[in-house]
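FYI, it's all coordinate maths here, none of it is from the lab. Since we're looking at a predicted model, the values are computed, not measured. Glycine gets a Cβ as well: all are built from the backbone with ideal geometry, and neighbour counts include every protein chain shown.
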Amino acid sequence: MQPLALSHMSIVSSLGAGQDATLDALHTGRGGLKPCSFETVTLDTHIGEVDGVEDVRLPDNLTSFDCRNNRLAEMALHRDGFADAVASARERYGAGRIGVFLGTSTSGILSAELAFRARDPRTGALPAAFNFATTHSTGSLADFVRHRLGLEGPAFVVSSACATTSKVFANAARMIATGLCDAAVVGGADSLCLTTLYGFHSLELVSPTPCRPFDAERSGVSLGEGAGFALLERADPNPAPGTVHLLGTGESNDAHHMSTPHPEGLGARLAMERALASAGLRPEDIDYVNLHGTATTYGDAAEDQAITGLLGARTPVSSTKGYTGHTLGAAGIIEAIISVLALRTGLIPGSPQTRNLDPALRSRYLQANETGRLDRVMTNSFGFGGSNSSLIFGWAA
Amino acid sequence: MRAYVEGIGLLGPGLPGWEQSRAILTGDCAYVASPAVLTASPLLPPAERRRSVPTVKLAMAVGAEALEQAGRDAATVATVFTSSSGDPDTLHQILETLATQERDISPTRFHNSVHNAPAGYWSIATRCREPSTSLSAHDESFQSGLLEAAAEVAADGWTVGLIAYDLPYPEPLGKVRPITGAFGTALVLTPQPTGRCLACLDIDLSRGDEPVSRMADIGLEALRVGNPTARALPLLAALARVCAGGSPERVVLDLPPSGRVVIRVDAPCC
């Protein structure tokens, strides 16, 4: 693919709002997981909840979009100078030339969950205040962000489970390659809701303790929430020093099972191979991989096989889900941004709760932070339905 | 963006398949609405067949029809799934369960609730490991899926199965989000013309406000505005006429806030 410049980005997770708060947490090893007291949920688990979502107010003309998911998006849009950067891009390109390709898995379903509790006992009707199109509807996030940023290019939501905010980078690359857009806002948001907390609990995939990716005693995921955005633009032939490029994208399907990964990580490996091919790189060109690494027994083992099969056992890898929890549909963008922060600062993040590495796993998994120059980083995101996506970022050549 | 149509799938009220519906779409036969019949795909392994929900049945039926017509092994074809919603019945049942004290969601129901469930079942059934996108854009879901599929054809040179579907919600969601009938359609799009090509599409974005294409038949027009995926009907009607030897047509689909998707539909030789 033609490399794209990743000119601006913003991030919100349980580690805090903004790149500085995120980096501070990674430097100091401060994780965001806490015992779950979300809403009326009574599950014995830890979650990565974002502070301050309740206090977010959407602008008066967009209050119909008010829901937890769009509030998370609003928080992220106004961190790290992102909305201002998009405004100046809008001046340069025109509102109709900037696309909006965002991911979410559950959108504003929490609003529907609350509305179903408040149904009219006589008629069964939902409360009049419930607005389906602007909250629960999967497309609501892209519609909100497009309105909020004043953009008029093509806009849609990709909802391919937990790979979704990684996959949107590929959607944007295609749209820019065809000339339908000159730039794109990618990323998205996924917010805590009862559907995913009780749903993952039903699959017996939720850990009672903060999750421990690649640990011999790992016992499942800790769920989290988050939002993040990136502005992608055509690469400048003479890029400024310090410019980061999206170098490659790779997508695949497991074709195996709806909620269990392929045992040998075939789909995962295929996504990584395709990302390398799209970037024109070899396996040894990758300096760090931010893993999907959710801390499920099978998932980590499958990814380990894919990593060691393709990259060997020398490339440093880690999952940052011990910090943020598994932010589901937001994991792709949260971890893409953490990977780019690693590239920019040379801080290669460790893995807070991982104490005893599973001896059956052969990757060079980092428990503690390391530092060093990175030239190219890869980030993996996999989801239900066997959906896999891998991205590669690096310095502009 | 140019894409060649190699196969078409269709299933909707009174539209029981592409071949059976061509004369209705050209206006040569009267349109009579009757509910679409959904069955689990024989392509699926028994466990997944049992677990199939309506969106999976609908998406797989139209996808399989289009791929069969194209004469391609589905394992080699990338896919774009598009719908305004995840499976409506599944979402309704989960929301009802979460409103009870027990909140005891079934694990199968939970994995069926993801928007990309049809894509997951499809890849299991067809052994397809090619890239697959599942997208959503409320009433513009079909138009957005068409743009994405055309971009994959044009930018990546892939052969793409575009699979679009929308079904009604049970009450009470049906009141706040009314959707007419179960309607699905699929197109197999390729970058180069082949011997099996049915038509050629030139797809572009327009910033204009020209009139959106409509259906002449009152019943089909009601379906077009009532089901997001049925926004595809004017394109399908143009394909039916061009495939029957008609002259090239121009189809205009709405893409708010300020755009249109403009499609020139022509015979495949040009």
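Residues whose amide H lies under 5 Å from that of A:L357, counting only those 5 or more places away or on a different chain, are A:A216; hydrogens are built 1.01 Å from N in the peptide plane.
Database remark: amide H of A:A125 closer than 5 angstrom to the amide H of A:D120 (H placed geometrically; neighbours at sequence offset of 5 or more, or on other chains; Pro and chain starts carry no H).
Per-residue Karplus couplings for the stretch B:226-243, computed as 6.51 cos²θ - 1.76 cosθ + 1.60 with θ equal to phi - 60°, are listed in order as x, 10, x, 5, 6, 4, 6, 3, x, 5, 5, 5, 5, 4, 4, 6, 5, 5 Hz, Gly and Pro entered as x. Between amide H atoms placed 1.01 Å from N, distances below 5 Å from A:G103 occur with A:V158, A:G187, A:G188, A:A189, all of them 5 or more places distant or on a separate chain. Rounded to the nearest Hz, the phi-derived 3J(HN,Hα) couplings of the stretch B:109-115 under the Karplus curve 6.51 cos²θ - 1.76 cosθ + 1.60 (θ = phi - 60°) are 4, 4, 6, 6, 7, 5, 4, where x marks glycine and proline. Let me make sure I get this right: for chain B, a, b and c are the square roots of the gyration tensor eigenvalues over alpha carbons, sorted descending. Under 1.5 in a/c it's rounded, otherwise prolate if a/b > b/c, else oblate. Which is it? Taking the square roots of the gyration eigenvalues as a ≥ b ≥ c, chain B is prolate.
Counting only DSSP H runs of at least 4 residues, each contributing -39500 (n - 2.57), and dividing by the residue count of chain B, the helix-based mean residue ellipticity at 222 nm comes to -10000 deg cm²/dmol. Our helix-only sum for chain A, with -39,500 (n - 2.57) per DSSP H run of n ≥ 4 divided by its residues, gives a mean residue ellipticity at 222 nm of -9500 deg cm²/dmol.
Converting phi to 3J(HN,Hα) with the Karplus coefficients 6.51, -1.76 and 1.60 and the offset θ = phi - 60°, the stretch B:208-221 yields x, 10, 4, x, 6, 5, 10, 9, 5, 6, 4, x, 5, 5 Hz in sequence order, with x at every glycine or proline. When only alpha carbons of the stretch A:4-395 are considered, Rg and Dmax amount to 19.6, 67 Å.
Counting only residues at least eight positions apart within a chain, or on another chain, the lysines with an alpha carbon under 24 Å from that of A:K321 are A:K34, A:K167. Within the stretch B:69-101, name every residue whose backbone N is under 18 Å away from a label modeled 7 Å from Cα of A:D120 along the Cβ vector. From the stretch B:69-101, the list is empty. The label-point distance for A:A216 and B:R127, in a model that sets each label 7 Å from Cα toward Cβ, rounds to 3.9 nm. Mean partner shielding of peptide B:93-106, defined as the number of other chain Cβ atoms within 10 Å of each residue Cβ, is 6.
Taking label positions 7 Å along the Cα-Cβ direction at both A:A95 and B:T76, the computed distance is 4.6 nm, reported to one decimal.
Scaling the Cα radius of gyration of the stretch A:111-162 by the globular reference 2.2 N^0.38 Å produces a ratio of 1.46.
Provide the FRET efficiency to the nearest 0.05 for the A:R282-A:A240 pair, computing r from the beta carbons and using R0 = 45 Å. Computed FRET efficiency for A:R282 and A:A240 comes out at 0.95.
Hull volume per residue, based on the alpha-carbon atoms of the stretch A:40-180 and their convex hull, is 143 Å³. For the protein assembly as shown, the Kirkwood hydrodynamic radius comes to 24.5 Å, computed from all pairs of different C-alpha atoms.
Which whole-number percent gives the relative contact order of chain B, counting Cα pairs below 8 Å spaced six or more residues apart?
Details: 606 pairs, mean separation 71.0, N = 270.
Contact order relative to length: 26 percent.
Using a 10 Å cut-off on Cβ to Cβ distances, tally the other chain neighbours for every residue of B:197-208 and report the average as a whole number.
1
At an R0 of 22 angstrom, the distance between the Cβ atoms of A:N369 and A:D20 translates into a FRET efficiency of 0.85.
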